[in-house]
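The structure under discussion appears below in the form of structure tokens.
Readers should treat all values here as calculations from the given coordinates under stated rules, not as data from a laboratory. On a predicted model such as this, the values are computed, not experimentally measured, just so you know. Cβ placement follows ideal geometry from the backbone for every residue including glycine, while neighbour counts extend to all protein chains displayed.
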Amino acid sequence: MKKLKQNQYFGIILLLVMLVAFWAIFKLLAPATFGSPDKLATYMKSALIYAVGGCGLYFICVMGPFDMSVGANIVLSSIIACNASVRFGYLGLIIAPILCGTLIGLINGLVYIKLHISSLIVTVALSLIYEALSVYATNGKNVILDIGFRAFGDYPANLILAVFAYLLCAFILKYTKVGTYTYAIGSNEVIAKNMGVNVPKYKVVAFTLAGLFFGLQAILTISFGTSMTSASNLSSMSRNFTPLMGTFFGLAFKKYGHPVIAIVIGEMIIQLMFNGFVALGAPTTIQNVVTGAALLLIVALTTKPVKGAVVK
Amino acid sequence: AVPVAAEDDITIGVSIWSSTDVLGSQCKKIIDKAADALGVNVMYVDQGHVSEQVTASVEQLCAAGCDGIIICNSADSEMTSAIQTCDANSVYLTQFFRIISEENSPEVYQTACNSPYYLGAVHEDEVTNGYTLVNLLLENGDRNIGLEAWTVGDATFQQRWTGYKKAVDEWNEANPDDQATLTEPVYANTSSEEGAAAALSLYNSNPDMDALIVAGGGGDPLVGSIGAFANEGLTGKIDVVSTDFLDDLAAQLESGGMFAESGGHFCDPLFAFLTTYNAIKGNYVKDEGTFGYEILFPYLYVSSPEDYANYEQYFVDADPYTDEEIVEMAGYSFDDLNKAATSLSIDDVISRHSN
Amino acid sequence: MGEVLLKAEKIDKHFGITHALDHVSITFNKGEIHALIGENGSGKSTLTSCLTGIYKKDSGTFILDGKEVSAANQVDGNHQGVAIIVQEIGTLSGLTVAENIFLGNEDQFTKFGIKNTAAMNKKAQEYLDSYGFNYIDAAKTIDDYNFEDRKLIEIVKSTYFNPKILVVDETTTALGQKGREELFKVMHKMRDMGSCVIFISHDLEEVIEQSDQISVLRDGVYIGTITKEEATTDRLKQLMVGREIGNNYYRTDYGEKISDEVVISVKNVSVKGQIDNLSLELHKGEILGIGGLSECGMHEVGKAIFGASYFREGSVTLGDGTPINSIPDAIKHSMAYASKDRDNESLVINDTICENICLPSLEDLKKGGVLSGKTMKEFADKFAKQMSTKMTGVDQFVSALSGGNKQKVVLARWIGKDSDLIILDSPTRGIDVKVKADIYAMMNRMRKEGKSIIMISEEIMELLGMADRILIMKDGKINGEFLRSEELRDTDLIDNMI
Amino acid sequence: MESTVKKESAEKIPFLERPIVRTILPIAGFVIICVLFAILTDGKLFKPKNISLLLSQSYMLLISSIGVFMVMTMGGLDFSQGSMLGVCSIVVCWLSHYNIILAIIGGVVTGGLIGLMNGYFNVKRKITSFIVTICNMYLFRGVCAYATTNSPVYGVSDISKYNTLPFMLTFTIVIFVVAYLAFTYTGLGSRLKAIGAGETAARFAGIRVERTKMLIYMTAGCITGLAAFINSIKVGSVTSTAGNQLETQIMIALVLGGMPVNGGAKVRFYNIILGVMTYKVLSSGLVMLMIPTQLQQLILGIIFLIEVALFSDRKTGMIVK
Ligand SMILES: Nc1ncnc2c1ncn2[C@@H]1O[C@H](COP(=O)(O)OP(=O)(O)OP(=O)(O)O)[C@@H](O)[C@H]1O
Ligand SMILES: Nc1ncnc2c1ncn2[C@@H]1O[C@H](COP(=O)(O)OP(=O)(O)OP(=O)(O)O)[C@@H](O)[C@H]1O
Ligand SMILES: [Mg+2]
Ligand SMILES: [Mg+2]
């Protein structure tokens, strides 16, 4: 066991075991209507979308700050994407949200750094603004993605784009300066600064990168859902959580390496549960309960409480 | 400084779940039109159907100096506080899309009757709406019906659900050897991708599903569901019915993405607005202790491209009422107003406008 | 005297009101270890920080080998040939050893933005081996290594590129014997290669032993430079403080009889990996010194007695047998504890002096169950003044205080609580002679008042000078006990430490 | 380089950083907002009847902010408030059919239990409060939805008879007085601030850190239970959306009141009242201007940013997360 724990793939094994366990449970309860391969494929459609956002959020959360504007970003980017696709077709559908998302990320980062206020506050305040903009961008209609541009809503295109995003995230984390610095800042900002890491700069970089990933998620979201309505009164916040859940998995399994895999499997587990409940004909409302509880337990199981450790 | 309602001219407040989503902005459009025509100020508060925000919105509007308020609340009990606030500030209050249910919440109903300022309600017969849609499906031979709702416990959904079940039960009574089933509702909130996910997982769990009801949710879940089915190549195999008109409904009916739809109820708040307006003017005076003015607003049903073509021409591209008509209706007695409302249909508009 | 390597010319630096450096000019030569000494707050760190890019100087120039150096940050400094080993931890957990060593210098391994981890690890390992630290694996995360090793890794990090100038700022205080040896080896290597090591330390013996030249700062002013040969501890002290002060700030009495009334008795206490089945007794009116190498577990002993160690086995009881199992217990029975880690354990540095002094006494300060801000202020003010703390007022944040004054606040807190069982861990660490003298005097006074003190210290002279009884620890066990006497020599203690 | 420059200027104690200015600024912010909207609405906003309307919108936020205030003082966060309020309201409404006192107690206990759950995972399992409370927000929103699936949970019919200015006002004031006294005159405040500013050091000063934290999370829950009572008597029933976004409103309000997000020494009790009132005046003021809701929201966002940009304290906890 000790030996196994040492193994760098321990975390992944653990996750896979959980994934299979959840699958098995529901399969037992609803053998006919749950979990055959083709069904799994459809479950994963939404899982892979949220996992992309989860990857983006990971850059921010691992450094300490948070981003509450994920939802607003995705709403605005999706709307922009849809509008752009009307004029520039697939090119617009891909480029526009990436630009929009990245720009929003950049703005978040800059405001956060320049004003020197908690990212939590900054991103909430900015969400208010982004949401308002989304209303202007739609003027009260729900934009619908033309039937001709929905390739990213289904296999294989959605899978390709998503996997590309995962690889990109993993690559940046492992094989670039940005990755190292992100972890460095997360570990100890002051020392990192003294070691010549330009902390403000790399914080902005992280927010911008995150924005990029939310842009990518927007492409998948609008393609899968095919329509988007503007948000108001911070209703977009509800979109923060599913990606965030994945990020939590990533953080919880960080110490085993391979956070990206953790994020993806995490999202899969969540989708598995959702569909499991539908298959059982159980009221899907308890799904939130179970998701919340399961997540809490998983995080609790993977964090070893250290006596006297300061945890805010 | 800023155009704040001067004391003399009339201000009417609108407490609505959202003045920016699809149905919400249609409502806003027609209300604004009426307001312009009648020279009335309107102010909006979006309360997102969150109970405490619904009650707060009424307080905000009273504070803002409204003479009357039209409200789309989420639960009956909120109305108690709303009515109290309005009485305290002598502001008229009319419900739209909603009515206090006499049997479910008699006390609230009583409060409404006792209040001189609660005017009444304009609402749809949601049960019948649900009943009709399901019957359209059953007659079309659909037997395994999936149900996709938006948020849990919403009053409107509850009623439509009753209608769906009523239709299915009656059918099963009549045809013991040809049973129909209705699934548990799957909740998709108000976003298209959740709608898509819900539709797919319903299909996965009920492989022989041949019809889907998207109970509402402001359009997005419906669009998502249709899109998802299209991706799975299920278009036309599964008959989708719903109660939110789509912008591309024509195309959908064409392609079989949509089977039938009810809607067009965005004029409902217009009549709540006019009722309130007249009450403020002093034209309508509610009888002591009665519930007040009730208008049962009709749904329009569209199940063929032709139907929709007309709908589009007379409800979307043009408004169903011209300024003149609105001004004229504002002068109606309540009975005439009620008649005007209940008689609203595509043909009605055509008869008025096609020339 | 070798040729000039670095000239500091008219370096001036203000921190708000504080004039930290007043046009300091010093020259450093090739191939020497050049000590920089001075009271706390005299400007040593500030000077070196300006040189190495941690702070930005107001005016003045550093000329290195004829051309000016002005570093934007440490890494930039490294590229210009100046490196510093700071007192605090300078490594980042969560990163590998190699990533730590090359943090800020990844570019040499980066092609088209892609970082060649393998090459980086290989390089790092080469360096580690060349220093003889081959048991450290460059590819492992740094979390796998203890404080000592992480310090060694820092030494590698800041010297592998052979800087012309290496600053060692109060690093030794943080190191155990082994660490010091390694550090001195590196320093000598640098010297032999013709570089200059600027060595900052409060341990004057160490300074004289290690360095060739010694420069003295006082209140940000350059006082002068003397050679190793001219230097004696008294001479240096005089230069630092500006007046004659003898060695007599320790207590002078000998052969006083300690009462045999036991006030604390520790029985078979163990803390995993730190203390191994240790028993001791503290008597009334006694100063019990505990010494040893810094990893011998003596620091944990203080915590264990104060009820602060997690997972403590064995028993700690008062004279009357009352068990002490938690910090509140301890405080309730008038125990006090001043930690070695002043900024994290002794003081809430991001809080005001007032709050810091009052915290343990909040309950006592209540009048009729009501605690008023006024009472707290008066209380805090009284004892802060009594300790002659340099402060703008009790509402000042502790973070803005100097180390010595921080320590004064700690003591004020416990004097205010009127504790009679006082555990002082490294009470004079990083504190200048004046404050030192005050603290010793206070300890002596308390002893006379019949209060009992446990003094845990890495400074042998302090133990010899102040303690009635000295316990030397080794590997978590007591390894020798000495009673106070004039004959007792530091060598006797050291023998039992190693 | 830039950062060292920042550090230096920080040492010169610029105007905005002076303690006295720090205390004045949030108050100034509030006054400015009030004056601004008083002018824009021709004084309408502050007619007596409007004051009472303004208050009646604020009671719940005021009360529920107290708990979060204490949690944030300790350096924690609590995002579960909204769902917590929902669940508590359900219990209150359900029990109100039996006995109103029982209902209040029930709400308080429920809140306390949920608070304990937050506390357990944060304190004992050492998971950051952000993660814990977000998970619980999710979890209890589910509970709330589940309980209201078939119909809203209705309170007893005459529950709204308590919905009167005198009752609400006294109820709120009493809670505030108690909280204020506890926070200021029992040393609780000092302890919480110390924990927020430096947990380890607080522990060595004899504060039972873990116990205190647990206690505060629980208390925060209990207080939310009281807020739930206010909510129930105002709304009379609970739907699945009850308390939606409450946590965000609380956070916005507290920050507007000058509360440092990572808690610690510079927290002041008046941050609560100041913040909530600023927020409420702001939102109801914007409604009166009769501008489109999206524009209202845009302005709200911008004003919020400006306020915190100007008034938030940058010196405590130089590291901003
Ligand atoms: N971060 C700072 N902010 C403000 N003033 C400072 C700061 N650091 C140092 N000072 C001022 O500069 C003077 C010199 O400080 P410095 O740290 O150089 O003293 P030092 O000689 O290194 O003391 P020690 O021996 O304790 O390290 C101090 O007396 C203090 O007044
Ligand atoms: N962060 C800071 N902000 C403001 N002033 C500071 C800060 N840090 C240090 N100082 C000033 O520096 C003086 C001493 O700083 P420093 O810690 O460098 O010297 P020191 O080693 O503590 O001196 P000693 O230990 O003899 O008290 C303090 O009196 C204080 O006025
Ligand atoms: Mg120094
Ligand atoms: Mg110092």
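Positive-end ranking of C:Phe482, C:Ser346, C:Val394 along the dipole of the stretch C:262-497, with charges on Cβ about the Cα centre, is headed by C:Val394. For A:Lys45, a cut-off of 21 angstrom between C-alpha atoms picks up these lysines, skipping any fewer than 8 places away in its own chain: A:Lys27.
For trypsin sites (Lys or Arg not before Pro), no site in the stretch A:73-177 is both called loop by DSSP and has at most 14 other Cβ atoms within 10 Å.
Below 8 Å, C-alpha to C-alpha, sequence gap of six or more: please give me the relative contact order for the stretch A:33-301 in percent.
It rounds to 36 percent for the stretch A:33-301.
For B:Leu147, list long-range residues whose amide hydrogen, built 1.01 Å from N in the peptide plane, is under 5 Å from its own amide hydrogen. Those qualifying (amide H under 5 Å, at least 5 residues apart or on another chain) are B:Thr183, B:Val186, B:Ile213. Counting only trypsin sites (Lys or Arg not before Pro) that DSSP places in a loop and that have at most 14 other Cβ atoms within 10 Å, the longest clean stretch of chain C runs over C:1-139.
Computed over chain C, the per-residue total of -39500 (n - 2.57) for DSSP H runs of n ≥ 4 gives a 222 nm mean residue ellipticity of -9500 deg cm²/dmol, rounded to 500. At 37 °C and 0.692 mPa s, what whole-number value in µm²/s does Stokes-Einstein give for the translational diffusion of the stretch C:4-241, with Rh from the Kirkwood sum over Cα pairs? Value of D from the Cα-based Kirkwood radius: 179 µm²/s. Of the GluC sites (Glu not before Pro) in the stretch B:53-136, the ones in a loop by DSSP (not H, G, I, E or B) with at most 11 other beta carbons within 10 Å are B:Glu103.
Taking the Cα centre of the protein assembly as shown as origin, sum charge times position over the Cβ atoms of Lys and Arg (+1) and Asp and Glu (-1), and report the length of that vector in debye to the nearest 20.
5700
Taking every alpha-carbon pair under 8 Å whose residues sit at least 6 apart, the stretch C:262-497 reaches a relative contact order of 29 percent.
Shielding by partners for peptide A:273-281, expressed as the average number of C-beta atoms from other protein chains within 10 Å of each residue's C-beta, is 5.
Secondary-structure-derived ellipticity at 222 nm for chain D, considering helices only, amounts to -23500 deg cm²/dmol, per-run term -39500 (n - 2.57) for DSSP H runs with n ≥ 4. Taking Cα atoms only, the orientation of helix B:78-88 departs from the longest principal axis of chain B by about 10 degrees. With a/c under 1.5 counting as rounded, go ahead and sort chain D into rounded, prolate or oblate using the C-alpha gyration tensor (a ≥ b ≥ c being the square roots of the eigenvalues; past the cut-off, prolate if a/b is larger than b/c, else oblate). Taking the square roots of the gyration eigenvalues as a ≥ b ≥ c, chain D is oblate. Computed from the C-beta positions of C:Asp341 and A:Lys114 and an R0 of 35 Å, the FRET efficiency is 0.50 to the nearest 0.05. Lys-Lys pairs in chain B that are eight or more residues apart or on separate chains and whose Cα atoms lie under 25 Å of each other come to 10. Restriction of the chymotrypsin sites (Phe, Trp or Tyr not before Pro) in the stretch C:127-200 to DSSP coil positions whose beta-carbon has at most 13 other beta-carbons within 10 angstrom yields C:Tyr135, C:Phe161. Spatial offset of the stretch A:171-195 relative to the stretch C:313-375 amounts to 39 Å, using the alpha carbon center of each. With a 10 Å cut-off around each Cβ of B:180-192, the average count of Cβ atoms from other chains is 5. Which shape class, rounded, prolate or oblate, goes with chain C when its Cα gyration tensor gives a ≥ b ≥ c as root eigenvalues, a/c under 1.5 marks rounded, and past that a/b bigger than b/c marks prolate? Verdict is prolate for chain C.
Simple rule: put +1 on each Lys or Arg Cβ and -1 on each Asp or Glu Cβ in chain A, find the dipole, and look at A:Met68, A:Phe10, A:Phe26; the Cα lying farthest toward the positive end is A:Phe10. Calculated translational diffusion coefficient of the protein assembly as shown (4 °C, 1.567 mPa s; Stokes-Einstein with Kirkwood radius over alpha-carbon pairs) equals 37 µm²/s. Among C:His202, C:Gly285, C:His333, which residue has its Cα positioned farthest towards the positive end of the charge dipole of the stretch C:197-338, with +1 placed on the Cβ of Lys and Arg, -1 on the Cβ of Asp and Glu, and the dipole taken about the Cα centre? Sorting the options by dipole projection puts first C:His333.
Applying 1/(1 + (r/R0)^6) with R0 = 51 Å to the Cβ-Cβ distance of B:Lys339 and A:Ile147 gives a FRET efficiency near 0.75. In chain B, helical runs assigned H by DSSP with n ≥ 4 each contribute -39500 (n - 2.57); averaged across all residues and rounded to the nearest 500, the mean residue ellipticity at 222 nm is -14000 deg cm²/dmol.
What you get for chain C, charging only the Cβ of Lys and Arg (+1) and of Asp and Glu (-1), is a dipole of about 1080 debye around the Cα centre.
Could you check what % of the DSSP bridge pairs in the protein assembly as shown are antiparallel, to the nearest 5? Within the protein assembly as shown, antiparallel bridges account for around 40 percent of the total. In terms of distances greater than 23 angstrom between alpha carbons, the cross-link table entries A:Lys177/A:Lys201; C:Lys157/C:Lys477; C:Lys377/C:Lys408; A:Lys174/C:Lys157 yield C:Lys157/C:Lys477.
Can you classify the stretch A:33-301 as rounded, prolate or oblate using the Cα gyration tensor, where a ≥ b ≥ c are the square roots of its eigenvalues, rounded means a/c under 1.5, and otherwise it's prolate if a/b beats b/c and oblate if not? Oblate shape, in that a/c is at least 1.5 and b/c is the bigger or equal ratio. By the combined test of axial Cα extent (at least 24 Å) and Kyte-Doolittle hydropathy (mean at least 1.6), the qualifying DSSP H helices of chain D come to D:19-40, D:100-119, D:165-185, D:293-311. Helix B:268-281 axis versus longest C-alpha principal axis of chain B: approximately 10°, rounded to the nearest ten. Remark: mean inter-chain Cβ contacts per residue of D:50-60 equal 4, using a 10 Å Cβ-Cβ cutoff to other protein chain atoms. In plain terms, the bigger the Kirkwood radius, the slower the diffusion; for the stretch C:262-497, with that radius from Cα pairs, at 20 °C and 1.002 mPa s, Stokes-Einstein puts D at 118 µm²/s.
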